[in-house]
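The values are calculated or read from the model by the stated rules, or taken from the named source; none is laboratory data. Treat the numbers as computed from the prediction; the structure is a model and nothing was measured. Note that each Cβ is placed from the backbone with ideal geometry, even for glycine, and that neighbours are counted across all protein chains shown. Please note that ligands, DNA and RNA were not included when accessible areas were found on the heavy atoms of the full protein model with its side chains. Shrake-Rupley method; radii C 1.70, N 1.55, O 1.52, S 1.80 Å.
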Amino acid sequence: MTDPDSALTQLNASERELLLLLGQGHTAKSIAALKDLSELAVNERFRTARRKTGIGSSREIARLLTAQENRDDISGVAEPAAPTPSLPRPGAPRRASPLRRWSLPMSAAAFLIASTILAQQTAVPPERPLPPAVVAMFTPPDPAPDIVALHAEIATGPADPEWSRATEAALSRIYQRAIDPSGALASLDTTCNASLCEVIGVSRAGLTDDQITALTTSVQGRETNEAITAMKLDNIVSGFHSTTEGGPADIAGTVVFAAYWRRAD
């Protein structure tokens, strides 16, 4: 069995930071909002962390990591020694302990806690609104788009050759500019009809975990998204799939990504 502490040393600083946020109760969606990343990029780092550590649950990694951080915080800090109590003199009157004087039976303490919670729940809500990141934590995600239907729409949708050619070229430049510095891109296929664009990319084989993280971050980073939305395109869906653990022979050991953009005007 893999030693958890040893497995956690495989994580890089970015993965540890996101997993610690997960351990604090955040979701992938709220972490993405806090760290200015896409939710898919956050989930991809969680996937990489699971593969590095051999632990099948991101929340279990987060729990172990949080426990490790807590141990590190208190390492070497000893609790101050309690003073040795002096024994009462024979015949001296017994004095009640302050702790004993104020202690409550467990049932009474539980009643007070429950009463406090009930009072808070029935109080008038404060005027200050909840932060958007907190609301996002409890907002159900939108239903996943039908990727097969989107792909079919590319071929069957209305045509606008002039707009399509210009948009395909612009999208290709944006994605290549985002990925080329890492040298990770092997192929990029961009196709548009009059209202919808499909982008499918394949990385070169043999990328390291850090290179995979860099690729997913650059493709879904703020600069890339802002450049594309400036073209009056709205993102419908985008995602990644690692084939390092198998897959078709022609893309084995690579990362495949796809994105669909809808014309806004």
Item to check | Extreme residue, nearest to Leu65 (Cα to Cα), among residues of the stretch 5-15 that are surrounded by fewer than 18 Cβ atoms within 10 Å (Cβ to Cβ) and not hydrophobic (A, V, I, L, M, F, W, C) | outcome: Asp5
Checklist entry - When residues of the stretch 22-54 are filtered for being open to solvent by less than 30 Å² (accessible area, probe 1.4 Å) and within 22 Å of Gln68 (Cα to Cα), how many remain? => result 9
Checklist entry - Residues of the stretch 148-167 being surrounded by 13 or more Cβ atoms within 10 Å (Cβ to Cβ) and either of a type outside the set (D, E, K, R) or at pLDDT 95 or above (or both), which ones? => result Leu150, His151, Ile154, Gly157, Trp163, Ser164, Ala166, Thr167
Checklist entry - Just checking, how many residues over the stretch 1-27 are modelled with pLDDT of 85 or more and either assigned to a helix (DSSP H, G or I) or of a type in the set (S, T, N, Q) (or both)? => result 17
Checklist entry - For Pro141, are the conditions met, namely being under 26 Å from the mean Cα position of the chain (by Cα), part of a loop (DSSP other than H, G, I, E, B), surrounded by 10 or more Cβ atoms within 10 Å (Cβ to Cβ) and at pLDDT 70 or above? => result no
